[in-house]
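J.: The following block contains the structure, expressed as structure tokens.
The values are calculated or read from the model by the stated rules, or taken from the named source; none is laboratory data. Computed from a predicted structure; not experimentally measured. Counting neighbours? That spans all protein chains shown, and the Cβs are built from the backbone with ideal geometry, glycine included.
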Amino acid sequence: MRGWIVRQKGVAEFVDDLDEPELVDGSMIVQVEAAPVNYADRLQIDGKHQIRPPRPFVAGLEGAGTVLESSSERYAVGSRVMGLVSLGVGSWAERCRFSADNVVAVPDGVDIVTAAAIHLNAETVWLALHHRARLQAGEVVLVHAAAGGVGTMAVQLAAAAGATVIATCSAGKADIPARLGATAVVDNRAADWHRQVAELAPDGVDIVVDPVGGRIFERSLKLLRFEGRMLTIGFVSGDIPSMAANYALVKNLSLLGVFWEPYAARRPDLVTHAAAEIFALHATGDLDPCVSVIDDVSNAVERVNDIASGRTTGKTVLVWK
């Protein structure tokens, strides 16, 4: 079986002799038809992600495809599914293993690349905005890294809910969040980006969607108004920030972490509802999957390095050509 194996920290190798994934209780073996590429994949290869499978492991955190074998009553052979792979049995291969707790069904009529591109990012953002932050129409939402995979979903879902969206990204990518519904776009590489946001929202913002961390997080705290909500979704800056409890106290702020996998295991009803909502928006043309790159799985490391260096927009998806 072909795919990418990680034998030592920081190095992934493309080989053609991978062991086939084994079926275990409550799992399924899936023929991989689409595998999104995420910054988290680079972190996992480098041993810096919160999910750290023992080496050697097959790379690729999420995927979509057709069930070949199943020991789960929820998903029979022939089902189309998408989700997070079982630990170390990754999606950057011809076949991978999923736990039934970590997948949802691909909706009828949705092509597999679109499903893979939308699934995890959009569901995470939906849970963040609607379940955790209780977004209301008319609120002001600040979305960081708004031209990336999470950011493009956040801009669209916030706008669809009737929010005013202020986006930050590099100046060369500003047309993307603007096209997707942001009312203003600020260059996040400008030294005074936070002052520009403050001018756009003089009373402060209600919600911040932050997949970046570091200084972006720290400066965003000061932009939140009374009872503002900070949604922390990742740390692509590589810097995990902290929040002073006294600052949260004075302004009655909320720090809300959002990670999809525990919801899939503990609240599958909520994840299924989120998936139905986002694919309904896609069906009406109100949610663009923003797939910018489709490439062969054999080029996975090049593509993940593009993402890590900030050269991409939207979503990159791997397929077997």
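J.: With the condition kept exactly as written, say whether any residue in segment 115-124 is touching a helix residue (DSSP H, G or I) at 6+ places or on another chain (Cβ under 9 Å) and either assigned to a strand (DSSP E or B) or surrounded by fewer than 21 Cβ atoms within 10 Å (Cβ to Cβ) (or both).
T.: no
J.: Taking the conditions exactly as written (in the same structural domain as Gly204 (by TED's automatic domain parsing), loosely packed, with under 14 Cβ neighbours inside 10 Å, farther than 29 Å from Asp306 by Cα and charged (D, E, K, R)), does Lys251 satisfy them or not?
T.: no
J.: For segment 67-113, name all the residues that are under 22 Å from the mean Cα position of the chain (by Cα), polar (S, T, N, Q) and either modelled with pLDDT of 95 or more or closer than 11 Å to Ile29 by Cα (or both).
T.: Scanning segment 67-113 gives Ser86, Ser91, Ser99.
J.: Restricting attention to segment 244-259, and to residues there that are among the polar types (S, T, N, Q) and not in a helix (DSSP H, G or I), which single residue is nearest to Pro107 (Cα to Cα)?
T.: Selected residue: Ser254.
J.: Something else: In this structure, does Gly78 turn out to be among the small types (Gly, Ala, Ser) and either part of a strand (DSSP E or B) or in contact (Cβ under 8 Å) with a residue 24 or more places away in the chain (or both)?
T.: Numbers: among the small types (Gly, Ala, Ser): yes; either part of a strand (DSSP E or B) or in contact (Cβ under 8 Å) with a residue 24 or more places away in the chain (or both): no.
Taking the combined requirement at face value, the residue does not satisfy it.
J.: Hey, among Leu231, Leu224, Leu318, which residue is farther than 24 Å from Pro107 by Cβ and within 16 Å of the chain's Cα centre (by Cα)?
T.: Testing whether each residue is farther than 24 Å from Pro107 by Cβ and within 16 Å of the chain's Cα centre (by Cα) leaves just Leu231.
J.: Specify the residue that is farthest from Ala122 (Cα to Cα); the eligible residues are those in segment 189-219 that are in contact (Cβ under 8 Å) with a residue 40 or more places away in the chain and under 20 Å from the mean Cα position of the chain (by Cα).
T.: Among those that are in contact (Cβ under 8 Å) with a residue 40 or more places away in the chain and under 20 Å from the mean Cα position of the chain (by Cα), it is Ile216.
J.: May I ask you to list the residues in segment 164-181 that are over 23 Å from Gly214 (Cα atoms) and without any contact (Cβ under 8 Å) to a residue 40 or more places away in the chain?
T.: Thr164, Asp175, Ala178, Arg179, Gly181
J.: Give the residues of segment 260-306 that are among the basic types (Lys, Arg) and either touching a Ser or Thr at 6+ places or on another chain (Cβ under 6 Å) or in a helix (DSSP H, G or I) (or both), sorted by residue number.
T.: Correct list: Arg266, Arg303.
J.: Looking at Thr168, Thr152 in this structure, which one is buried (at least 23 other Cβ atoms within 10 Å of the Cβ) and over 12 Å from the mean Cα position of the chain (by Cα)?
T.: One residue alone meets the criteria, Thr168.
J.: Shifting gears a bit: Within segment 41-57, does at least one residue satisfy the condition of being under 20 Å from Pro289 (Cβ atoms) and buried (at least 18 other Cβ atoms within 10 Å of the Cβ)?
T.: There is at least one residue in segment 41-57 that is under 20 Å from Pro289 (Cβ atoms) and buried (at least 18 other Cβ atoms within 10 Å of the Cβ).
J.: Among the hydrophobic types (A, V, I, L, M, F, W, C), in a loop (DSSP other than H, G, I, E, B) and modelled with pLDDT of 95 or more: does that describe Ala147?
T.: Judged against the criteria, Ala147 is a match.
J.: Regarding segment 45-66, can at least one residue be identified that is charged (D, E, K, R), farther than 26 Å from Gly109 by Cα and over 23 Å from the mean Cα position of the chain (by Cα)? Don't jump to the end; show me each part of the working.
T.: At the first step, the residues of segment 45-66 found to be charged (D, E, K, R) are 46, 48, 52, 55, 62.
Still in the running and farther than 26 Å from Gly109 by Cα: 46, 48, 52, 55.
Then keep just the ones that are over 23 Å from the mean Cα position of the chain (by Cα); that gives 55.
Yes, because at least one residue in segment 45-66 is charged (D, E, K, R), farther than 26 Å from Gly109 by Cα and over 23 Å from the mean Cα position of the chain (by Cα).
J.: Does segment 58-99 hold any residues that are buried (at least 23 other Cβ atoms within 10 Å of the Cβ) and among the aromatic types (Phe, Trp, Tyr), and which are they?
T.: Once the filter is applied, which keeps residues that are buried (at least 23 other Cβ atoms within 10 Å of the Cβ) and among the aromatic types (Phe, Trp, Tyr), segment 58-99 yields Trp92, Phe98.
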